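A single structure is presented below for examination.
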Amino acid sequence: MAGRFAPRPTLPHSPNGVGGAPMPVRGGEAAVPAGVPRQAGRTAGRVRALVPAGPLDLGLVLGPLRRGPGDPTFRATPDGSVWRACLTPAGPGTLRVSAHGGQVRGEAWGPGADWLLEQLPDLLGASDDPSLFAPRHRIVALARHRRPGLRLTRSGLVLESLIPSILEQKVTTDEAYRAWRLLVRKFGEPAPGPAPGRMYVMPAPRTWALIPSWEWHRAGVDDKRASTILRAVRVAARLEQTTRMDPGAARARLEVVPGVGPWTSAETVQRSHGAPDEVTVGDLHLPGIVGWALAGDRDADDSVMLSLLEPYAGQRHRAARLILLSGRVPPRRAPRMPRGDIGRL
């Protein structure tokens, strides 16, 4: 978790907005606010515009869905827009999200366009309530003050968060990001609509199940992680149904799949459900970061971390994210975990 939620340059956020209802989509287009530019030469997609209830930082909200700088399903462009290529229940779709003058505009293409626009408010944190969070430590309070645009995204898609989380088990993030990038580009399909170059929709469950063993090996994925993914995609429909469950029940169903443990299930529901209390346990770095920030204990383990986060019960994941965003981490005292590449064997 630590590397994936660490501070990084964020996109421009919209100013404080006034709560309002999303603009309705009619005939493929919604009323677009004055001052929101259209990009010349781009195929028009279906549009939805909404006004966030407060400050919104697209980089902070959508950043956890990005699996490395070369993620073929995610792209942040210089104009401040965020692009996502998704496999929705209605089929593949591409979503572009941009913020202008206190309003957020979503534009979508492909068979999954309507589904993506319907889910847009939850994707931007509309179902998240930051007012329930009460800082108990100065470092957490300062991080919250400096990052008012933080909301917890709810993607509504389980497999797109579960598979990369499985790839991240017991390896460096660079290795996991490389595997995700290679497999999606080789077995996924090009993102529909005018998406930036080399964007792809992740493979469907059946396609994952048919990937030959040597392709997993070339991507640097060992048999244990590959087998876990194969077991998960065989019950993909049952796993996607967990979006209608509370996060605890969803994690219990995910962990029925052999190879999916507490670390993986937490990493998944944090994104798919926007779960504010599902803190990651079993992480290599997170306990030491939380221990160092809150108690000066760089050797803290999971039990110590959970004890320190107890005052934030119900909001422990948000507290952990704010601690990571504070940038206060223990000084490095050992070499980085060595990077392996079984694809070269």
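The values are calculated or read from the model by the stated rules, or taken from the named source; none is laboratory data. Note that the structure is a prediction, hence the values are computed from the model and not measured. In this analysis, Cβ positions are derived from the backbone assuming ideal geometry, glycine residues included, and neighbour counts consider all displayed protein chains. All accessible areas refer to the heavy atoms of the entire protein, side chains included, with ligands and DNA or RNA removed. Shrake-Rupley method; radii C 1.70, N 1.55, O 1.52, S 1.80 Å.
Of the residues PRO276, PRO262, PRO258, PRO247, which single one is farther than 24 Å from LEU182 by Cβ, in contact (Cβ under 8 Å) with a residue 60 or more places away in the chain and open to solvent by 10 Å² or more (accessible area, probe 1.4 Å)? Break it down into steps so the answer makes sense when it comes.
On the way: PRO262 fails: in contact (Cβ under 8 Å) with a residue 60 or more places away in the chain; PRO258 fails: in contact (Cβ under 8 Å) with a residue 60 or more places away in the chain; PRO247 fails: in contact (Cβ under 8 Å) with a residue 60 or more places away in the chain.
Just a single option satisfies the conditions, and that option is PRO276.
Considering only region 111-133, how many residues are under 19 Å from ARG66 (Cα atoms) and open to solvent by 50 Å² or more (accessible area, probe 1.4 Å)?
Total meeting the criteria: 0.
Condition check: touching a Lys or Arg at 6+ places or on another chain (Cβ under 7 Å) and more than 30 Å from VAL233 (Cα to Cα). Does PRO258 satisfy that?
Details: touching a Lys or Arg at 6+ places or on another chain (Cβ under 7 Å): yes; more than 30 Å from VAL233 (Cα to Cα): no.
It is false that PRO258 is touching a Lys or Arg at 6+ places or on another chain (Cβ under 7 Å) and more than 30 Å from VAL233 (Cα to Cα).
Which one of these is surrounded by 20 or more Cβ atoms within 10 Å (Cβ to Cβ) and basic (Lys, Arg): ARG154, ARG136?
Numbers: ARG136 fails: surrounded by 20 or more Cβ atoms within 10 Å (Cβ to Cβ).
Within the list ARG154, ARG136, the selection yields ARG154.
(1) touching a residue at least 12 places away in the same chain (Cβ under 8 Å); (2) surrounded by fewer than 18 Cβ atoms within 10 Å (Cβ to Cβ); (3) of a type in the set (D, E, K, R); (4) out of contact with any Pro (no Cβ under 8 Å at 6 or more places or on another chain): which one isn't true of ASP223, the others all being true?
ASP223 satisfies all of (1) touching a residue at least 12 places away in the same chain (Cβ under 8 Å); (2) surrounded by fewer than 18 Cβ atoms within 10 Å (Cβ to Cβ); (3) of a type in the set (D, E, K, R); (4) out of contact with any Pro (no Cβ under 8 Å at 6 or more places or on another chain) except (1).
Something else: Test of understanding: among THR73, THR43, THR10, which residue is at pLDDT below 95, polar (S, T, N, Q) and more than 20 Å from ASP128 (Cβ to Cβ)? Quick ask: steps written out before the conclusion?
Working: THR73 fails: at pLDDT below 95; THR10 fails: more than 20 Å from ASP128 (Cβ to Cβ).
None of the others qualify; the one that does is THR43.
Could you name every one of the helices (runs of 4 or more DSSP H) located completely within region 261-345 that has at least 1 residues being touching a Leu at 6+ places or on another chain (Cβ under 6 Å) and more than 27 Å from VAL221 (Cα to Cα)? Don't jump to the end; show me each part of the working.
Values: elements: 262-272, 286-295, 302-308, 316-326.
Because the criterion is at least 1 residues that are touching a Leu at 6+ places or on another chain (Cβ under 6 Å) and more than 27 Å from VAL221 (Cα to Cα), the helices (runs of 4 or more DSSP H) in region 261-345 that meet it are 286-295, 302-308, 316-326.
GLY35 is checked against (1) in a loop (DSSP other than H, G, I, E, B); (2) modelled with pLDDT of 50 or more and fails just one. What number does that condition carry?
It is condition (2) that GLY35 fails.
Residues of region 70-80 being part of a loop (DSSP other than H, G, I, E, B) and in contact (Cβ under 8 Å) with a residue 60 or more places away in the chain, which ones?
Looking only at region 70-80, we keep the residues that are part of a loop (DSSP other than H, G, I, E, B), and these are 70-73, 77-80.
Passing the criteria: GLY70, ASP71, PRO72, THR73, THR77, GLY80.
Only one of these conditions is not met by ARG198: (1) part of a helix (DSSP H, G or I); (2) among the charged types (D, E, K, R); (3) open to solvent by 30 Å² or more (accessible area, probe 1.4 Å). Which number is it?
(1) is the only condition that ARG198 fails.
Also, I was wondering about something else. Take the residues of region 300-327 that are modelled with pLDDT of 95 or more and surrounded by fewer than 16 Cβ atoms within 10 Å (Cβ to Cβ): which is nearest to LEU62 (Cα to Cα)?
Kept after step one, since they are modelled with pLDDT of 95 or more, are these residues of region 300-327: 300-326.
Next, only the ones that are surrounded by fewer than 16 Cβ atoms within 10 Å (Cβ to Cβ) stay: 301, 303, 307, 310-311, 313-314.
Details: ASP301: 29, SER303: 29, SER307: 29, GLU310: 27, PRO311: 27, ALA313: 24, GLY314: 22 Å.
So, considering only residues that are modelled with pLDDT of 95 or more and surrounded by fewer than 16 Cβ atoms within 10 Å (Cβ to Cβ), the one nearest to LEU62 (Cα to Cα) is GLY314.
Being surrounded by 14 or more Cβ atoms within 10 Å (Cβ to Cβ), modelled with pLDDT of 95 or more and of a type in the set (Val, Ile, Thr) is the requirement here; does VAL82 meet it?
Numbers: surrounded by 14 or more Cβ atoms within 10 Å (Cβ to Cβ): yes; modelled with pLDDT of 95 or more: yes; of a type in the set (Val, Ile, Thr): yes.
So VAL82 passes the test.
Cβ contacts < 9 Å: first residue within 16 Å of GLY314 (Cβ to Cβ) and of a type outside the set (Ser, Thr, Tyr), restricted to region 133-144; second residue open to solvent by 30 Å² or more (accessible area, probe 1.4 Å) and not in a helix (DSSP H, G or I), any location; separation 6+ or different chain. Result?
Matching pairs, first to second residue: PHE133/PRO276; PHE133/GLY314; ARG144/PRO135.
Quick one: would you say GLY102 is more than 17 Å from SER161 (Cβ to Cβ), modelled with pLDDT under 95, out of contact with any His (no Cβ under 6 Å at 6 or more places or on another chain) and of a type outside the set (A, V, I, L, M, F, W, C)?
Numbers: more than 17 Å from SER161 (Cβ to Cβ): yes; modelled with pLDDT under 95: yes; out of contact with any His (no Cβ under 6 Å at 6 or more places or on another chain): yes; of a type outside the set (A, V, I, L, M, F, W, C): yes.
For GLY102, the condition - more than 17 Å from SER161 (Cβ to Cβ), modelled with pLDDT under 95, out of contact with any His (no Cβ under 6 Å at 6 or more places or on another chain) and of a type outside the set (A, V, I, L, M, F, W, C) - is met.
With respect to the numbered conditions (1) surrounded by fewer than 22 Cβ atoms within 10 Å (Cβ to Cβ); (2) over 14 Å from VAL269 (Cα atoms); (3) not polar (S, T, N, Q), which one is the sole condition not fulfilled by LEU167?
Looking at each condition in turn, LEU167 falls short on (1).
Also: Tell me, yes or no, whether region 201-214 has at least one residue that is open to solvent by 20 Å² or more (accessible area, probe 1.4 Å) and touching a residue at least 60 places away in the same chain (Cβ under 8 Å). Please lay out each step first, then the result.
Initial filter on region 201-214 (open to solvent by 20 Å² or more (accessible area, probe 1.4 Å)): 204-207, 209-210, 212-214.
Filter once more, so that each one left must be touching a residue at least 60 places away in the same chain (Cβ under 8 Å): 204.
Yes: region 201-214 contains one or more residues that are open to solvent by 20 Å² or more (accessible area, probe 1.4 Å) and touching a residue at least 60 places away in the same chain (Cβ under 8 Å).
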